[in-house]
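The values are calculated or read from the model by the stated rules, or taken from the named source; none is laboratory data. From a predicted model like this one, the values you see are computed outputs, not experimental measurements. Cβ atoms come from the backbone with ideal geometry, glycine included; neighbour counts cover every protein chain shown. These area figures cover heavy atoms from the full protein model, side chains too; ligands, DNA and RNA do not enter into them. Shrake-Rupley method; radii C 1.70, N 1.55, O 1.52, S 1.80 Å.
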Amino acid sequence: MYIRLQDLEIRKLEFREEYAAGAIDLGGDAKQIAPLNTKGRAEVVHEHHGGKEIVSDIRLVGNLSTRLEVECARCLDPVQHDITSEFDLLYRPLGAERGADEVSISEAETEIGYYDGDGLQLEDVLREQVLLALPLKSVCSEECKGMCPHCGRRLTEGACNCREEMKDPRWDALNEIKKRLK
């Protein structure tokens, strides 16, 4: 769904959308396995930026819910997460912040996104909000011991028979010096 600034100048836009499983591309790390439901509103907010300069921001307020599948950070088994999130976002036109390259910004300004052209895609906003709601690392269980780096056996199922010690190539230069000193 494309939200156009021209349409928002006339009236607020109420939205209620459902995106089928897999419809929102979340990159390679996460997969949408249930419909993503969202509802909310979009409106234009006019800001005065000194003199007669007025900037038209887009404000999105709403919520979303879906189910995602990611890999366990330890053993790579699939882990499911139910995601629900509420958002109140402000998008400013790209290039509205003219001036010096390095300027001080307030904490409130760190929460502002930018749009290019005459509007923005709701799907892009939802993708960002879903990824922000996802935990940084997911584990299938707290007891998960991960995998052996040599044979790939899941260590939760039992110890592997690998006896080979894993060598870290970053120590090769120091090991060479140690051999020469002997």
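Does anyone have the angle between helix 172-181 and the longest principal axis of the chain? Alpha-carbon axes, 0 to 90°, nearest 10?
Its long axis makes an angle of about 30 degrees.
Provide the net charge surrounding Ile10, with neighbours chosen by a C-beta distance below 15 Å and charges set as Lys +1, Arg +1, Asp -1, Glu -1.
That works out to -1.
Straight distance only, please: which lysines reach the Cα of Lys39 with their own Cα at less than 30 Å, same-chain residues fewer than 8 apart left out?
Within the straight-line limit of under 30 Å, Lys39 reaches these lysines: Lys12, Lys31, Lys137.
Pick from Pro149, Pro93, Pro135: which is most flexible by mean-square fluctuation in a GNM of the chain where alpha carbon atoms under 10 Å apart are linked?
Evaluated over the chain, the most mobile residue of the options is Pro149.
Accessible area per residue of the chain at 1.4 Å probe, in Å²?
71
Got a number for carbon plus sulfur as a percent of the chain's accessible area, 1.4 Å probe?
48
What spacing in nm lies between the two simple spin-label points modelled at Ala34 and Asp82, each 7 Å away from Cα in the Cβ direction?
For Ala34 paired with Asp82, the spin-label model returns 0.6 nm.
Only Lys, Arg, Asp and Glu count, each charged at its Cβ (+1, +1, -1, -1), so figure out the dipole size of the chain about its Cα centre, rounded to 20 debye.
Dipole of the chain, to the nearest 20 debye: 1100 debye.
Given the -39500 (n - 2.57) contribution per DSSP H run of 4+ residues, what per-residue ellipticity at 222 nm results for the chain, rounded to the nearest 500 deg cm²/dmol?
-4500 deg cm²/dmol
Leaving out same-chain residues fewer than 8 places away, which lysines sit with a Cα under 29 Å from that of Lys179?
Excluding near neighbours in sequence, the set is Lys167.
Give the angle, between 0 and 90 degrees and rounded to the nearest 10, that separates the Cα long axis of helix 122-133 from the longest principal axis of the Cα atoms of the chain.
Its long axis makes an angle of about 40 degrees.
Show me, for the range 68-81, the HN-Hα J-couplings you get by feeding each phi into the Karplus relation (A = 6.51, B = -1.76, C = 1.60, θ = phi - 60°), rounded to Hz, glycine and proline as x.
10, 10, 10, 8, 4, 5, 9, 10, 6, 5, x, 10, 9, 10
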